[in-house]
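K.L.:
Structure below; questions to follow.
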Amino acid sequence: MTARLLDGRALANQLRSELRDRVARLASQSGGAPRLAILGDGVSEAAALYAGSLERAAKHIGIAAELRLGADEPIEDAIERLNADPTVAGIVIAQPFANIAEGRRVVQHVDPAKDVDGATPTNAGWLARGEPAFVPATALAVIALLEAYDIPVAGRRTVIVGRSAVVGRPVASLLLARDATVTVCHRATRDLAGETRRAELVVVAAGVPQLIGADMVSSSATVVDCGINAVNGGIVGDVETTTVSAVVEAISPVPGGVGPVTPMMVLRQTVEAAERASSSSA
């Protein structure tokens with residue numbers, strides 16, 4: 001058996017076309033393209049690469065993106081200025097900072113109405129209540145893949161491996177809202193393989209290369225791999241894709257699964273913020 005591949009590149013192309021049309025409508029209505037600001041200070045190389053790719057993706061669909069990873073002004077001052085600028089639809093803080101605590105503090109300055117990557121405590125709180133406004137992009141990408149490929153969620157036994165604030169926890173909230181039965185596993189889970197073997201849907205976001213093998217999944221499972229790990233000059237996920245895909249019903253590959261969809265979710269939320277602002281000012 002070979003698993004059905006959840007192709008994130010194909011979905012990203014579809015989303016890109018849809019968003020380009022929405023941005024064009026916004027620009028014609030308001031006289032200018034919505035703006036997205038991407039800020040960071042002392043971020044990792046991986047964060048800088050992602051920020052650059054997000055800027056390019058935004059410009060490709062017509063969003064006026066600006067990337068600032070230097071220190072020409074204090075980042076808090078830049079955020080306050082952008083918060084007050086009505087032409088700025090979204091603000092993304094590139095993470096992680098070299099100082100994790102500093103990154104968390106900086107994010108709190110972003111206006112939740114412009115927090116298009118769902119990073120602020122306010123938006124995390126709304127999501128935890130089951131009333132999401134803006135959601136972390138990777139978590140949304142998981143849901144977008146499942147919906148695009150008509151993977152059932154309601155009532156299914158679901159295991160999430162990883163409990164980070166940017167993937168594991170928000171994915172759990174989103175799936176609970178869709179009536180999945182959710183278990184969140186982590187490094188203190190005593191029998192991880194036993195938990196994942198019982199699951200019909202497995203979402204892996206542990207940051208551990210090829211953690212999940214073929215002996216840890218059932219033949220009826222769908223596996224969504226959120227891992228991006230640099231190994232021997234290449235990129236691998238948190239799942240042993242080759243062996244696991246021979247067992248399960250469906251799987252998202254790495255690369256080419258969740259990854260290409262993630263920036264599209266930031267851009268979709270940017271467009272939604274711009275549309276909301278446009279309708280409120282009309």
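K.L.:
By how many nm would the segment from Glu66 to Val208 grow when fully extended, if each residue of separation counts as 0.36 nm and the alpha-carbon distance is taken off?
P.N.:
47.9 nm
K.L.:
So what are the three principal axis dimensions of region 44-156 from its Cα atoms, in whole Å, longest to shortest?
P.N.:
50, 32, 31
K.L.:
Amide H of Asp111 versus every other amide H placed in the peptide plane: which residues, excluding those fewer than 5 positions away on the same chain, fall under 5 Å?
P.N.:
When sequence neighbours closer than 5 places are left aside, there are no close amide H contacts.
K.L.:
For region 31-113, what relative contact order do you get, as a whole percent, if you take Cα pairs closer than 8 Å and at least 6 residues apart?
P.N.:
Details: 113 pairs, mean separation 35.7, N = 83.
Relative contact order here is 43 percent.
K.L.:
Counting other beta carbons within 10 Å of each Cβ, put Lys59, Lys114 in order, fewest first.
P.N.:
In increasing order of surrounding Cβ atoms, one gets Lys59, Lys114.
K.L.:
Could you list Leu11, Leu54 in order of exposure, starting from the residue whose Cβ has the fewest other Cβ atoms within 10 Å? If you can, show how the numbers build up before the last one.
P.N.:
Details: Leu11 21, Leu54 25.
Least crowded to most crowded, the residues run Leu11, Leu54.
K.L.:
List His186, His109 from most exposed to least, where exposure is judged by having the fewest other Cβ atoms within 10 Å. Don't jump to the answer; show the numbers that get you there.
P.N.:
Numbers: His186 13, His109 17.
The order, fewest Cβ neighbours first, is His186, His109.
K.L.:
Still on this model: Helix-only mean residue ellipticity at 222 nm, the chain, DSSP H runs n ≥ 4 weighted -39,500 (n - 2.57), per residue, nearest 500. What is it?
P.N.:
Per the formula, -13000 deg cm²/dmol.
K.L.:
What relative contact order, as a whole-number percentage, does region 187-252 give when Cα pairs under 8 Å and 6 or more residues apart are counted?
P.N.:
34
K.L.:
For region 137-259, what is the percent of antiparallel DSSP beta bridges, rounded to the nearest 5?
P.N.:
Working: 3 of 19 bridges.
Antiparallel bridges make up about 15 percent of those DSSP assigns within region 137-259.
K.L.:
Expressed in nm to one decimal, what extension gain is obtained for the pair Gln108 and Thr189 from 0.36 nm per residue of sequence separation less their Cα-Cα distance? Can you show the working numbers first?
P.N.:
Values: separation 81, 0.36 × 81 = 29.16 nm, distance 3.13 nm.
Roughly 26.0 nm would be gained on extension.
K.L.:
Let me ask something else about it. How much of the DSSP bridge set in the chain is antiparallel, in percent, rounded to the nearest 5? Could you put the intermediate results ahead of the total?
P.N.:
On the way: 4 of 32 bridges.
The antiparallel proportion sits near 10 percent.
K.L.:
At a threshold of 8 angstrom on Cα-Cα distance, excluding pairs fewer than six apart, so keeping six or more, what relative contact order does the chain reach in percent?
P.N.:
Numbers: 562 pairs, mean separation 61.5, N = 282.
Computed over the chain, the figure is 22 percent.
K.L.:
What translational diffusion coefficient, in µm²/s and rounded to a whole number, does the Stokes-Einstein relation yield for the chain at 10 °C and a viscosity of 1.306 mPa s, taking the hydrodynamic radius as the Kirkwood radius over Cα pairs? Kindly include the intermediate steps, with their values, before the conclusion.
P.N.:
Numbers: Rh = 19.3 Å.
The Stokes-Einstein estimate is 82 µm²/s.
K.L.:
Label Ala48 and Ala177 with points 7 Å out from Cα along Cα→Cβ: what is the distance between them in nm?
P.N.:
With each label placed 7 Å out from Cα toward Cβ, I get 3.5 nm.
Computed from the coordinates by the stated procedures, all read-outs in this text should not be read as laboratory data. Bear in mind the structure is a predicted one, so any value in this text is a computation, not a measurement. Neighbour counts run over all protein chains shown; Cβ positions are idealised from the backbone, glycine included.
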